[in-house]
1. Output the number of the condition that Asp343 fails; it satisfies all remaining conditions of (1) under 17 Å from the mean Cα position of the chain (by Cα); (2) farther than 30 Å from Leu411 by Cβ; (3) at pLDDT below 80.
2. Quick one: would you say Ile119 is out of contact with any Leu (no Cβ under 7 Å at 6 or more places or on another chain), hydrophobic (A, V, I, L, M, F, W, C) and at pLDDT below 80?
3. Starting from region 507-530, keep only residues that are of a type in the set (Phe, Trp, Tyr), then list their pairs with residues that are open to solvent by 10 Å² or more (accessible area, probe 1.4 Å) and outside any helix (DSSP H, G or I) whose Cβ atoms are within a distance under 8 Å, requiring at least 6 positions of separation or different chains.
4. Scan region 201-230 residue by residue and report those that are open to solvent by less than 50 Å² (accessible area, probe 1.4 Å), touching a Leu at 6+ places or on another chain (Cβ under 9 Å) and of a type outside the set (A, V, I, L, M, F, W, C).
Amino acid sequence: MFSYRSLLLFTLLTTSTLCFSFSHGETHFPTTQTPPFSGEINEGGHDGVVYLGTKRFLAEGPGGDESESPLNSSYLVLAAKRTNRRDPLNGFKKYTGGYNITERHYWASVGFTAAPFFIIAAIWFFLFGLCLSLICLCYCCCRREPYGYSKTAYALSLIFLILFTVAAIVGCVVLYTGQQKFHDSTTTTLDYVVNQAETTVEKLNNVSEYLSAAKQVGVDRVFLPSNVGTDIDEIQSKINSSATTLRVRTSDNSGNIKDLLDSVRRALIVIAAVMLVLTFLGFLFSIFGMQFLVYILVIIGWILVTGTFILCGIFLLLHNVTADTCISMDQWVQNPTAHTALDNILPCMDNATAQETLLRSKEVTSQLVNVVNQVITNVSNINFAPNFTPLFYNQSGPLMPTLCNPYNPDLTNRVCASGEVDLNNATEVWRNYVCQVSANDICTTTGRLTPSIYNQMTAGVNVSYGLYHYGPFLVDLQDCTFARQTFTDIYLYHCPGLQRYSEWIYVGLVMVSVAVMLSLVFWIIHYNTGRSHRVLGKRRRRVIGDHHHRHWQRHQRKDSFDSGHLLRYPEA
């Protein structure tokens, strides 16, 4: 049955690097885990198989190819090489349990791949917080006027500020575009898996309905044996239980997954918008020297950058889980009958139930054909005397062909014999043998079948054809063909898009985090260099103003002296 925890994995991804290299879900930090099983590991096995105790596990070959053909085994370790990471819950030893989303050691090991981002977030939060505290302390306790100004420093700070602002804007655009395509891709994947589940449920219900109808089929008062009806009741109960479980899980989880996808989408849109506005306002406020607003935005940006670094780690973790899932699907397709961790995502129908359903459908089909042929052979094709009621209804004319039974007595496939009609065209052929009847249901024209008997035979043929038609589907359930095809389609057509667009989100988050982080630093640097420029400019203007004022005063005093001299000694 479906477990939609897998869809969550298809939904959230990210990959790439930031100051650290991440290769195949591994960082420069060691990554690994202990197996959830007991037994000693012998990595000297042959053909890429790892032996764990008495069980065999798939491992990648020495060439690193994750798609090599695994051998049949009772338990298959999926993506063994890719998931070979350090497990912090087990003393940082190598994790060897393979892909298993129900194993806490798997999550611990894959979570450790995101440790660099969490460490960067912690370092940034505490160091930059400490720097802000020191700046605040110096500003409050040791405040003094700037004593110098460098045009080079001012120009460089402005250039870097513009550069990182543009980088942040580009990162926001990449993040927004990536989340849109990522949401579309994950929604398409979810819809595909849900459609597969609904199709399976529909077919199971159809089989159940055909079996139910078979119990009611009777031709000229000839019905299926009572033991066959009992078998139908038992298998119907199992089919309905399987279909109901699958339908309920589909209904309950698909809505939750879509809500989660929508929440992730909204969160990424908000992050992109907030970072874009923060970057633009910080640039303007630092250019225009708005000290209070600059420091308010610096504090807000300090917290937001910490959050985006944490998101980078989370998306890297989920990207690695998704990549593990895709690789595991590809490997499971090559060996679908082995017990694996993917049984929790999309297991095959219970083999015993599928086998019993297939046998019962064959048995009912064969028995229905026998019922129809008994009536044709023992009633319709015999010219009874009028006193042989109710077998006599004045049947006459050419003999009817019998119905081809597609199965031998041992329920193996059978080839139709000459003169038999198959399930595809039997009703069309038999229509030519229907007579017209009187009020007593006695043929008044040549024919071997009354309309009522023909209708009963048609019902039996339709049920037989339906069960025979769904035989291949039941075989697919039994041998996991339907699950194999589902996984193949996801691996080929959905995984590439999921990983591609999740990488866009990851790259966008990294660009935004780094660009805004550096922008915060250069907001402060540019504001302070600009402040020096503005303070020194004011001093120059004050000096020039004082010079002009003294010159004006001297000029005024000279004018006053000249005017007084003229008044005291007027010309004759």
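The values are calculated or read from the model by the stated rules, or taken from the named source; none is laboratory data. Please read all numbers here as calculations on a predicted model, not as lab measurements. As a convention, Cβ positions derive from the backbone with ideal geometry for all residues, glycine included, and neighbour counts pool all protein chains shown. We work out accessible area using only protein heavy atoms, side chains counted, and drop any ligands, DNA or RNA first. Shrake-Rupley method; radii C 1.70, N 1.55, O 1.52, S 1.80 Å.
1. The failed condition is (2).
2. Details: out of contact with any Leu (no Cβ under 7 Å at 6 or more places or on another chain): yes; hydrophobic (A, V, I, L, M, F, W, C): yes; at pLDDT below 80: no.
Judged against the criteria, Ile119 is not a match.
3. Tyr527/Gly289
4. Gly218, Asp220
One line per residue, one yes/no per condition, for (1) without any contact (Cβ under 8 Å) to a residue 24 or more places away in the chain; (2) assigned to a helix (DSSP H, G or I); (3) of a type outside the set (Val, Ile, Thr); (4) surrounded by 19 or more Cβ atoms within 10 Å (Cβ to Cβ):
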residue: Trp430; (1), (2), (3), (4): no, yes, yes, yes
residue: Met457; (1), (2), (3), (4): no, yes, yes, yes
residue: Val461; (1), (2), (3), (4): no, yes, no, yes
residue: Leu467; (1), (2), (3), (4): no, yes, yes, yes
residue: Pro472; (1), (2), (3), (4): yes, yes, yes, no
residue: Asp476; (1), (2), (3), (4): yes, yes, yes, yes
residue: Ala483; (1), (2), (3), (4): no, yes, yes, yes
residue: Phe487; (1), (2), (3), (4): no, yes, yes, yes
residue: Tyr491; (1), (2), (3), (4): no, yes, yes, yes
